[in-house]
1. Using the alpha-carbon centroid of each, what span in Å lies between the range 115-191 and the range 40-111?
2. To the nearest 0.05, what FRET efficiency results for Ser337 and Ser251 with a Förster distance of 30 Å applied to their C-beta separation?
3. Around Ala189, what is the net charge, scoring Lys/Arg as +1 and Asp/Glu as -1 over all other residues with Cβ under 13 Å from its Cβ?
4. Between Ile38 and Thr222, what is the label-point separation in nm under the 7 Å Cα-to-beta-carbon projection?
5. Hey, got the dipole for the chain? About the Cα centre, +1 on K and R Cβ, -1 on D and E Cβ, debye to the nearest 20?
6. As a check on your grasp of the helix formula, calculate [θ] at 222 nm for the chain: sum -39500 (n - 2.57) over DSSP H runs of n ≥ 4, divide by the residue count, round to the nearest 500.
7. At a Förster radius of 56 Å, what calculated FRET efficiency corresponds to the Cβ-Cβ distance of Tyr128 and Glu70, to the nearest 0.05?
8. What's the extension gain from Ser30 to Arg87 if we count 0.36 nm per residue and subtract their Cα-Cα distance?
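Nothing in this text is a laboratory measurement; each read-out follows from the coordinates by a stated rule. None of the values given here were measured: they were computed from a predicted structure. Using ideal geometry, Cβ is built from the backbone for each residue, glycine included, and neighbour counts are taken over all protein chains shown.
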Amino acid sequence: MTKTARPQYGMLDVAKFLCALLILFYHFFSEHGSLPGILEEALSTYAIAVALFMTISGFLLFSKLENIPERHQRWLAVRKQAWRTLRIYLLWSIVYILYTVSRWDFSNLSVTFVLLQLRQWIFNSTFYTIWFMPALAIGVVAAFWLTELAPKYVAGILAAVLYIAGALMLTYRGVGNLIPGYAGITTFAETWLGGARGWLFFAIPLLLVGRAVAKGQANQKTGWVLWAILSVVCVVLMLAEALVLRHFFGSTGIDMTILMPVTALCILKFLISVQIPAGAYQLWMRKMSVLIFVTQRIFLSVLPTYIGEYVFANGYVAFAFCVGGTVLFCAGIILLSRKVKPLKLLY
């Protein structure tokens with residue numbers, strides 16, 4: 001990402017910040033708190049935030065590439081973004097790997113256990129929630145070369161096939177299990193490909209949804225009102241889809257409903273149709289959205305291991321510690337990085 005504000009797409013920075021907060025709220029209440037029924041159901045829409053974040057990333061990347069005519073220069077831009085994302089992930093992974101290793105039972109440690117852990121770190125993620133970062137980094141590279149080398153429309157068709165394949169491993173798992181041999185494919189994907197919400201089945205399709213919006217942006221004439229209405233309609237229909245699945249196959253979640261890419265597309269169209277005043281807050285929100293993604297597990301999982309009995313004795317204290325602590329910690333890193341420049345590598 002650039003270091004300047006994007007006045008024409010200012011709502012994207014606001015949206016990413018709100019998405020990061022929604023995901024943080026969901027993880028806290030699903031693990032350490034509780035909400036009244038309807039609010040808990042509403043919070044489950046956090047999955048939209050994850051998909052939207054990926055779609056926005058695709059839109060911003062391919063919008064930038066639209067103005068770069070030479071393939072090699074486009075590749076350099078893609079490589080730079082992928083490496084930045086991967087660098088942030090690897091730096092924060094040091095914290096999470098040290099924490100994980102510190103909790104191993106060294107009296108019963110085996111080579112097989114260590115190898116399984118290494119496989120998990122390399123092919124899935126080093127810790128909860130930060131799976132998004134390697135999926136985005138690898139997905140960006142794969143999506144770029146797919147669009148560069150595949151014939152016209154093939155990339156889009158393949159992206160749709162990949163997304164449906166992933167949906168059959170996750171949200172539509174009950175349907176996928178009815179397909180002979182599909183359970184084995186699911187196991188292979190979860191072991192070696194980052195799972196259904198990894199770079200192949202989740203990142204590539206949603207990044208290419210962002211690309212489709214970027215390609216059509218020059219010809220967009222529809223105002224924000226229509227896209228706002230379509231966004232609401234898609235969210236309602238997607239929730240209805242999830243309820244039908246729950247009725248017939250039990251709890252499946254909405255992470256990869258068939259309507260998720262369409263919903264993300266409509267919300268993205270709405271966001272880029274709304275103009276807001278440019279300001280320093282956009283850059284701050286952009287940085288915060290990344291930091292909240294990668295640091296929340298410090299306050300949700302790591303620190304509670306050592307001081308959980310004090311923090312979680314009271315729900316309000318727990319919320320302030322986990323949610324407030326994450327936000328203040330991230331804001332502190334940004335503030336301190338003005339003087340300590342290497343801290344900028346963390347976001």
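1. 14 Å
2. 0.15
3. So the surrounding residues net to +1.
4. Going from the Thr222 label point to the Ile38 one covers 3.0 nm.
5. In total the dipole reaches around 1420 debye.
6. Computed ellipticity for the chain at 222 nm equals -22500 deg cm²/dmol.
7. Computed FRET efficiency for Tyr128 and Glu70: 0.90.
8. Value of the extension gain: 17.6 nm.
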